[in-house]
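The values are calculated or read from the model by the stated rules, or taken from the named source; none is laboratory data. For clarity, every value in this text was computed on a predicted model and none was experimentally measured. Note that we place each Cβ from the backbone using ideal geometry, even for glycine, and neighbour counts take in every protein chain shown. Surface areas here come from the heavy atoms of the whole protein model, side chains and all, with no ligands, DNA or RNA. Shrake-Rupley method; radii C 1.70, N 1.55, O 1.52, S 1.80 Å.
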Amino acid sequence: MFDVGLGEMVVLVVLALVIFGDKLPQVAGQAGRMLRQFRQMADSAKADLQEGLGPEFKDFDLNDLNPKTFVRKHLLEDDDTHPAAANTNGAGLFDDEPSYATTAGRLESDEPPPFDSEAT
């Protein structure tokens, strides 16, 4: 998470000693208590949110809302449970709808793409 090297850590410790001096243990204790309180508040808010969502979302994970996780989960992973991916008989999502990927075929390099005047 933090990319702090050994030299940078030494500089931070020296600065802390110079700035806070003999009060450094008290300041570190206060910082630890404050961090613990923030964690408790975050856990409480998470529990309140899950309780408010109800039993339908009991498996809901807040980490899924992280944009990196969301993109990785929904766009980058192969999903075989998607209805279009699970349908292998060449039809679309509905039985009477043809799959345009299988009926149109591949275009030649100089062939223009098909135009649907009703689509616009």
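Per the conditions (1) among the hydroxyl-bearing types (Ser, Thr, Tyr); (2) modelled with pLDDT of 85 or more; (3) open to solvent by 100 Å² or more (accessible area, probe 1.4 Å), the sole criterion not satisfied by residue 120 is (2).
The residue pairs whose first member lies in the range 1-15 and is of a type outside the set (Phe, Trp, Tyr), whose second member is outside any helix (DSSP H, G or I), and whose beta carbons are closer than 8 Å, counting only pairs six or more residues apart or on different chains, are 12/4.
For the structure I just gave you, tell me whether residue 18 is open to solvent by less than 60 Å² (accessible area, probe 1.4 Å) and either in contact with a helix residue (DSSP H, G or I) (Cβ under 7 Å, 6 or more places away or on another chain) or modelled with pLDDT of 85 or more (or both).
Values: open to solvent by less than 60 Å² (accessible area, probe 1.4 Å): no; either in contact with a helix residue (DSSP H, G or I) (Cβ under 7 Å, 6 or more places away or on another chain) or modelled with pLDDT of 85 or more (or both): yes.
No: the conditions fail for residue 18.
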